[in-house]
Amino acid sequence: MKDILSMTLDELTADLTNEKPYRAKQIYSWLHQKRAVTFDEMSDLPAALREKLNKEHIICRLTAVKTLVSERDGTKKYLFELPDGECIETVFMEYKHAHSLCISSQVGCRMGCKFCASGLDGLVRNLTPAEMLSQVYEVERLTGETIGSLVMMGIGEPLDNYDNTIKFLTLLSDKNGKNLSLRHVSLSTCGLVPKIRELSKLHLGLTLSVSLHDSDNAKREDIMPVTKAYNIDELIKACKEYIAETGRRISFEYAVIAGVNDSKTDAERLIKLLRGINCHVNLIPVNNVSETDFHNKKDNVKNFEGYLNAGKIPVTVRRTLGSDINAACGQLRKQRTEDRRQKTEDRRQKTEFGINDC
């Protein structure tokens with residue numbers, strides 16, 4: 001079966017070579033503008049074509065199996081089940097200027113950043129373009145709101161799923177579909193240098209957010225293993241090339257971890273590293289994850305911000321949304337995975353010892 005929601009309009013047209021030329025655009029509109037979830041809804045298509053589509057294609061649909069709503073700011077965190085039973089997380093955030101969505105790009109992650117819950121169980125698989133796009137469409141259905149901006153900062157490393165990520169962005173920005181300008185999209189990466197260079201050549205207009213989190217190679221390598229492959233000097237060089245190629249400012253993400261990277265010395269080293277670069281630093285109070293001993297202190301984040309301001313480095317502190325529902329991605333999926341494992345083990349033991357539920 002063909003994943004029709006992952007097809008561009010050109011691909012869909014080529015797939016329907018025996019149909020009238022305008023049929024592909026009709027179907028594309030049903031999928032991406034009218035948001036049909038079955039082919040039977042496509043009422044202006046001949047019955048024979050709808051039957052053919054049902055036999056040869058599938059429309060990706062996600063199922064919200066759990067929803068958490070913040071009592072503090074209205075942030076909504078969805079645990080979506082994918083067609084194969086795997087789960088991902090998506091976070092809906094309300095701002096005055098627009099509604100924003102944080103989406104996942106992989107089931108799990110293989111980057112191994114120690115402060116992140118997303119990769120604690122490693123990478124399961126990549127998401128398809130349709131599975132990324134469906135997070136947008138499903139949240140818009142569930143909330144009745146229009147998503148005006150998007151961040152790829154959920155579960156997974158987008159540039160580790162490069163081809164599917166680029167195709168997703170193509171579909172997202174297509175004028176015949178959602179038509180969201182990529183200037184309203186921020187893509188976060190831990191620093192896959194070759195892919196940053198490849199991305200720069202596309203001139204997509206999006207904001208590149210680089211997860212830096214430390215300016216010392218040894219310390220960064222301890223919390224971000226990707227540093228072993230691409231050290232900080234290589235990463236900064238690629239970032240400068242990206243800025244020169246695209247004319248776009250880069251955002252450096254810096255999770256402030258108490259006792260790890262939050263000292264005045266850490267700040268001074270960061271200032272020296274970034275001075276003269278067209279960039280912005282986004283300070284993030286690190287999320288408290290039960291499997292790690294990392295934590296944040298409010299005063300440390302404020303002090304670090306002060307050091308960077310004094311060093312004339314543009315800096316803001318990320319507004320913390322959904323803190324009462326653990327809106328940082330990875331934690332809800334991990335709990336569901338652990339619950340499933342426990343149920344499987346319970347069933348195994350009951351079978352082994354001849355116990356039933358009657």
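Observations on the model:
- The single condition among (1) surrounded by 18 or more Cβ atoms within 10 Å (Cβ to Cβ); (2) part of a loop (DSSP other than H, G, I, E, B) that residue 242 does not satisfy is (2).
- Scanning segment 254-270 for residues that are surrounded by 22 or more Cβ atoms within 10 Å (Cβ to Cβ) and not charged (D, E, K, R) turns up 254, 255, 256, 257, 261, 267, 270.
- Residues of segment 1-55 satisfying the condition of being modelled with pLDDT of 95 or more, of a type in the set (Val, Ile, Thr) and assigned to a loop (DSSP other than H, G, I, E, B): 8, 37, 38
- Of the residues 211, 186, 200, the single one that is touching a residue at least 40 places away in the same chain (Cβ under 8 Å), surrounded by fewer than 21 Cβ atoms within 10 Å (Cβ to Cβ), small (Gly, Ala, Ser) and closer than 20 Å to residue 106 by Cα is 186.
- Residue ranges of helices (runs of 4 or more DSSP H) in segment 116-203 with at least 1 members within 23 Å of residue 250 (Cα to Cα) and in contact with a helix residue (DSSP H, G or I) (Cβ under 8 Å, 6 or more places away or on another chain): 162-173, 193-200
- The set of residues in segment 225-262 being touching a residue at least 40 places away in the same chain (Cβ under 8 Å) and among the small types (Gly, Ala, Ser) consists of 238, 251, 255, 258.
- Unmet criterion (only one of (1) at pLDDT 95 or above; (2) in contact with a helix residue (DSSP H, G or I) (Cβ under 8 Å, 6 or more places away or on another chain); (3) under 13 Å from residue 115 (Cβ atoms); (4) of a type outside the set (Gly, Ala, Ser)) for residue 289: (1)
- Condition check for residue 115 on (1) modelled with pLDDT under 95; (2) under 21 Å from residue 2 (Cβ atoms): one failure, at (2).
The values are calculated or read from the model by the stated rules, or taken from the named source; none is laboratory data. Treat the numbers as computed from the prediction; the structure is a model and nothing was measured. With ideal geometry, Cβ positions are generated from the backbone for all residues, glycine too; neighbour counts draw on all protein chains shown.
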